[in-house]
Every structure is written in structure tokens, then in C-alpha cells.
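Below you'll find the structure, written out as C-alpha cells, and then a few comments.
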């Protein structure tokens, strides 16, 4: 248990204009679960890509099992016993589990042989998976199991997991952790990347904290307070969002039996979604991605019109209204996908400000655009939300994810909506920007707007919501007051862990 | 090895320099081609690109530039809206024919009455004829999800058959001794699209092309519709989020490009061509696609690209008759121009780096 498996010594990798990793050194013991902590852009991904052979470091050395290790490509890393589960799955929706697993292997056996192997390994580690099912029909948690089993079949010495819990329900997380602990007990080392401190404290033996590409601390997560780790990650003292008690306002938005068929294959149908949101209230909608979040926001924004009576804004049925009519009435939305949906990547910030602001900010006159007014609006957003950019003439694509998200959320908030719906408002955003966005949402609610936050980040939802409900397979659970809700309660609301069994720890 | 790095934003310098570089590359490679054909490359290139403007016969060629360039610009401006929005109308040639047929039919219906009303009516008929022909693929796409590229292209052949039928049938000149072809509209004062200034080549089609360029420029730069067109092409999901109705966008773009192509056809049949004949169409509708892209779908760029393309038509004609160059060589040169433009376009969005290391 105490031998060293992998040692990194002075790894440095620079990209044009930015140093992703600078002199990074640490080591992983055999059978250790080692956490790699850091904000977005801290260099975690570059570092693990170096270990997995996707990136060639500029300088520094790695030693695996006492032998110098310099993988030229992922195949070399896999041969040396390094496997990786990526945050974004690389699976083919239209193919079966077994076919997908075969496709990812270097020396694939026959699909029939693999099916038996999949059954054996999945049973052994408590990850039930039918090798004949089509991937497109699987839940996100099940898809992750495909990726994990694909790795386990190669009998890895080191398993790298990149943000594995972002798509899982709390119960699924528990089961994943049992699997990982069992693997570690058998001598497999795990490099676990996350920014969720609670998980790391529960799972990991050691943690290395990266900030701006450098190792700023190593600590024992079981002995270190989460707040302390967070501040190591961010480098500043964190401010928690401030909430003031709000009186109950009038009902702003009412969804009455909102149902809609799935707009495309592998989409989710909305089934009888019924809820009301009052002025001054923040409603949190939790749930694993792919359970109807995109469809719900499309039905609210007007991109997917439904029957008129299904959506009521301030008592007026608007379910069949067009996108801009809803904006004019005060219902604004910020979808999850920033580039290409909420913003046009190759257009300037001025043009992107115009994209949703044209009606409420009066940026056109008889069809002609008022460019100076649009530029002024873009500048207002940039200033009020501290968007880091040289100016409104820059393209949306040139902004970092967090900055663009601040711009997108700011654009809607600055239009004084009476109802604002946001999907994954802080996805891929660093901690300080996330705090700013959450604060802005709370302030908006304080000023009398109704706010709906759809998110997979339960910590975020608990931080901002007054009431919480869960979206599972297109159905919305009844809302419950967020205060006093335990993680187990939330897990049950999210539908719990379907058809999961606990790892057979004794073998 | 060569590595392409995506630029954070498109290079302003290269978006202007790329078309110029494409023209230069076309001249160089075209020159090599002509040399391989046994011609003096310098002389051929000079004949094609300079003689129409500066030779001692240029007084004859310069008006031809306007006559050839006007329909190309008019059609290309219409196409550029659809192309920007990701709607691919490849059948401008058919819409051009239908505009000519409808315009000519209205004019001929009034023959031999003289009235100042006839020409404006013909203009309207031409625009409507082209627009309706363009709306067929548009409606089919909106209603049944058919591919507008295939449908608009196939409708070109339908229009060509209709043209032949009209030239031999209903529109045939009753006093034409049985020859196919309609009465000559340029000899019918109320319906003739004559030169506005004698010897200049300037006819109403040229005026219409210039007006279209100005309108397109204002629409794209200052109007909500132009913004929506650009948005729909660059980020279709964002366009829907911004409230753009995709079906409406398809119909407007197909109708608009059809109308402008129809106008071009109507000005051609009542002016330079003069009559409806079986071989009335000479490929302006297809060449305009090249013009639209050569001008980077920008109205002013299209104006310049139309001029360059008209130059290669006329210069090519001179080279054909004076130097005995095959007609296919000229078509090849025009195709090469688009080919190089698309290739050089990479420089606008990417930075080229030479590296002896394997890409990481």
C-alpha cells in the first residue's frame, strides 16, 4: 500500500499566451484515491491529459512503477495501465453497450465474448449494465457505467476520473464511491478530479490543489475544512450569497399540466408539469441532465410552443406565444448552452446584446437597428457584471466561459424581467464568478421577480432556492421548502438510484 | 508540418486580402495552364484581364462589362441573403428564365399598344415570376422538409423546357416566318429596356443592380431583417432563441432571391437579348453563385466580384476569338477563382504555423 505508483516531477506545459501547468510535482501511491482540486482553468485537465498521453509536456518527467513514463499517445498510456473516464462521454447513441465498449478497445475480442465480460465485471463492482441495450436509451449514470466498465476491462493500475459525479444523483454517487473504494482496496490507484469538496472529503486519501497551473497546497481532505480547501482553490476569501427574507408575492408564473412530446429522438417528453412561482421567490429545479431540462426551458422561452393555457404569466395564458412576445410580456430565459444558443459565437457582444434585448430595450425603430443604443446596452452589461473583455466589439467566442456566462445572465437581468428562467447558470464557471451570478439572481428576486433556477448542482440549488423540486423523466415533483431538506430527501425526490445494487465488497 | 490555429476572431485584414490573393493565384495557375496549352501565358492573362478595359477596342468592350455584370450582381445580391442564412438556392438560372418569360409575356400581350405603363408592369411581372419559381422549393422545404438545393436545381431544367415550349409556341412571333423566338422587344418602344445613355451600356438592369446593392447594404448593416439573416446562418439555435421563425426566413430568402433573379431575366429579355429564344439563358444564374461567394456575400464585394467576373467573360471571349483559346479554358479559369477563394478563406479564420513537431 505504501509503494509509489506514479510520480510527476516538474511538469510544465505552456500554450500560446497562457501557462497551463507550471512545475507541477506530486506522487500517487498504490491503492490511493488522490484528489486533484482546482477551479476551471487551473490546469487540471491539461495535467491529466499529460498523464493520459493526449498532451506532451514541455518539460518535466513522469515515473510509473519506477520506470520513466512519457506516453506519446493514449494507446501508450493504456498499455502502461492508465485508464481515464472523461467528463463528456464518447459513446455512440445508436449502438449497443457491448459495441461501444469494443470500439474503445485497443485489441478488441469478439462482441459475444465482451458481453460475458461486461456482465461479470459489472456484477463484481456493483454497476449493473445490460451489454445488449442501446446507449441512446440509457440514463447519464448508466452511460458513465459504460465508460467505467470499458476502463475496468483493461485492468488499469491508475484510473483517472474527470468530474464523474456531475451527472449523478446522490444515491448513484454513493454507489460509485463504493465501487471506487473497492477498486482502491484491490490496489488500483485513482486520480479523482473535482471541485466538489464534500465528495473529496468523503472519498479521497490525499488532495493536491492547483491554482493558475501551480500546486498551491497538498492536504488530507479528511482533516481539512472544506472552506479552507475552497479558499486554497480560489486564492481569496469567499463571500456567501446574501439572502433576505421575502414576503410572499403574487403568483407570477403558473404552469398548468404542461405536457409536450419529445421534440427529437433521444429527447424527453414533458409530462403534466404543474407548478406556480411567486414574485420574490427562487424556485430550484434539480435533476440529472437529460430528464427534460432542455425541453422545459424551450417550452418556457417559446422555442417549443405548447397549448396556450399550459403557461400563464401574471394570469395571462402565453403558452402558444412566440419568443419575442413572451419577452415583451416579461418572461426571459437563459439556456444552458452559451455558445450557439444563448449567444452567437462569431458575433460581437453588441450584436449579442441585441439578440434578446431588442424588444425590451427598444433597440430598433421601425425595423431599423439603433446600433449606438445596442452598444451602450452591451457596455452597461459589461460594467454591471464585471465581464472581462476589451470591449463590446469583441466576439462572444473570444470570452472565457465564465465571462460569457456573466454576460448572458447579465443581459437578461438588465432587462428587468418579471420572470427569469436560467438553466445551469454556473456550469463551467469559476467559483468567484459563480458567486457573483448567484448573488445577482437573488438580488433580482429581492426586487420582485420570480426566478427559476434549473441546475444539476445540488449545492447551488440549496444555496439559492426558496423551494425545491425535482425533474425526473419529464415529470416535476411537488415543490418542497428548500430549508431543512437533507441530501437523502433530495435523492429520493430525484427518483433515487434505479436498479442499482451495492458493490459486492467481499470477493 | 503545417498547423492551423483558430483565431479568436476572424482577421479583418485577411477578409479583404483573401479575394485579391485568390485572383492573383488564379492568374498564376491559369497562366501555367495556358502555357501548357501552348499559349503565351502573359499575353492570355493580359487579354482576359486588361484588354477589355484598356485596349484600343475598349470603347466596344466597356459597355459590355455593364451589360454582363448587371445581371450577375443583381442575382448574386439576392442569393447572398439566402446563403448567409444557410438557405441554398442553386436554381437562380430557372428563376431568371421565369422572370424573363413572365416579363416578356406581359409586354407581348400589350403589343402593339404604346403606353408608359407597360414597362413598369413588365418589371413587376418579371419579379413576381421569379419569386414564385423560387418559392416552390421554399414551400416544399417548409411543408415537407425537401432539400431546396435539389429542388431548385431541378426546376432549372423545368424552366428551360418551358422556355423552349414558349419560344416555339405561345410567345412565338406570328410574323417571324416560322422561326422560333418571340417578337423583338427592343424594337417595341413601350417594352424596350434601352440604353439610358447611348453607347454606355447603361440600361435599367444596371440601375436596378446598383439599387439592389445599396438596399442590401442597408438591410444587412442596419435592419432587423439583415441581423436575423446573419444570425440564422451563424447560429441557427441562437436565431430561434432570438425569435427568428425559420420557415418564414426560408420563404423570404427564396422569394427575394427569386424576385431579383426574375428581374435580371426580365431586363435581359427586354434589352440586350431582345427576344425570348430557346437558348436565351447563358448561365448567369449559376455564375452568380460564384460572384456571391467571391464577393464574400457582402453587397459591395458582390459589386466588385461581378465586375471581375464580367471581365473574365468578355476577356475570355476576346481570348477565344483572337488567341484561339478553347471556351472550356475560360470556364476553368472562373471555377478556379472560386476554388482559390474558398482555399484562401482558411487564412481569415486560422493562423498558419509551420512546425516540425507533431501536433499535441
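The values are calculated or read from the model by the stated rules, or taken from the named source; none is laboratory data. Since the structure is predicted, the reported quantities are computational estimates derived from the model, not experimental observations. A quick note on method: Cβ atoms are made from the backbone with ideal geometry, for glycine too, and the neighbour counts reach across all protein chains shown.
So, in segment B:88-110, how many residues would count as being in contact with a helix residue (DSSP H, G or I) (Cβ under 8 Å, 6 or more places away or on another chain), farther than 22 Å from residue B:307 by Cβ and part of a helix (DSSP H, G or I)? Explain how you work it out, then say what you get.
Taking segment B:88-110 first, the residues in contact with a helix residue (DSSP H, G or I) (Cβ under 8 Å, 6 or more places away or on another chain) are B:88-108, B:110.
Remaining after also requiring farther than 22 Å from residue B:307 by Cβ: B:88-91, B:94-95, B:97-108, B:110.
Going one step further and asking which of them are part of a helix (DSSP H, G or I), we end up with B:94-95, B:97-108, B:110.
Count: 15.
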- Message: Restricting to segment A:414-452, give me the number of residues that are surrounded by fewer than 24 Cβ atoms within 10 Å (Cβ to Cβ) and under 23 Å from residue A:363 (Cα atoms).
- Response: 7
- Residue count, segment A:95-113 (criterion: under 19 Å from residue A:79 (Cβ atoms) and over 31 Å from the mean Cα position of the chain (by Cα)): 3
- Query: If a residue has to be within 14 Å of chain B (Cβ to nearest Cβ), under 26 Å from residue A:127 (Cα atoms) and in contact with a helix residue (DSSP H, G or I) (Cβ under 6 Å, 6 or more places away or on another chain) to count, how many in segment A:43-97 make the cut?
  - Reply: 1
- Task: Please go through segment B:274-288 and pick out each residue that is closer than 16 Å to residue B:68 by Cβ and in contact (Cβ under 8 Å) with a residue 60 or more places away in the chain.
- Result: B:274, B:280, B:281, B:283, B:284, B:285, B:286, B:287, B:288
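Got at least one residue in segment B:345-357 being in a helix (DSSP H, G or I), away from chain A (no Cβ under 14 Å) and modelled with pLDDT under 85?
Yes, the conditions are met somewhere in segment B:345-357.
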- Message: Being closer than 20 Å to residue A:433 by Cα and within 13 Å of chain B (Cβ to nearest Cβ) narrows it down to one residue among A:357, A:391, A:401; which is it?
- Response: A:391
- Task: Can you give me the number of residues within segment A:113-136 that are in contact with a helix residue (DSSP H, G or I) (Cβ under 8 Å, 6 or more places away or on another chain) and part of a helix (DSSP H, G or I)?
- Result: 6
- Query: Which residue, of A:340, A:401, is touching a helix residue (DSSP H, G or I) at 6+ places or on another chain (Cβ under 7 Å), within 29 Å of residue A:42 (Cβ to Cβ) and surrounded by fewer than 24 Cβ atoms within 10 Å (Cβ to Cβ)?
  - Reply: A:340
- Could you list all residues from segment A:306-348 that are more than 26 Å from residue A:448 (Cβ to Cβ) and away from chain B (no Cβ under 11 Å)? A:306, A:307, A:320
- Within segment B:226-241, residues buried (at least 22 other Cβ atoms within 10 Å of the Cβ) and either within 7 Å of chain A (Cβ to nearest Cβ) or closer than 21 Å to residue A:421 by Cβ (or both) come out as B:227, B:231, B:235, B:238, B:239, B:241
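Which one of these is in the same structural domain as residue A:259 (by TED's automatic domain parsing), without any contact (Cβ under 8 Å) to a residue 40 or more places away in the chain and within 21 Å of residue A:295 (Cα to Cα): A:330, A:340?
A:340
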- Please verify whether segment B:247-254 includes one or more residues that are more than 14 Å from chain A (Cβ to nearest Cβ) and over 18 Å from the mean Cα position of the chain (by Cα). yes
- Task: Starting from residues that are surrounded by 17 or more Cβ atoms within 10 Å (Cβ to Cβ) and over 14 Å from the mean Cα position of the chain (by Cα), keep the ones in segment B:204-216 and report whichever is nearest to the other protein chains (Cβ to nearest Cβ).
- Result: B:216
- Query: helices (runs of 4 or more DSSP H) wholly in segment B:202-270 with at least 2 residues that are more than 20 Å from residue B:73 (Cβ to Cβ) - which ones?
  - Reply: B:224-234, B:236-241, B:246-270
- If you scan segment B:68-87, which residues turn out to be surrounded by fewer than 24 Cβ atoms within 10 Å (Cβ to Cβ) and in a helix (DSSP H, G or I)? B:83, B:84
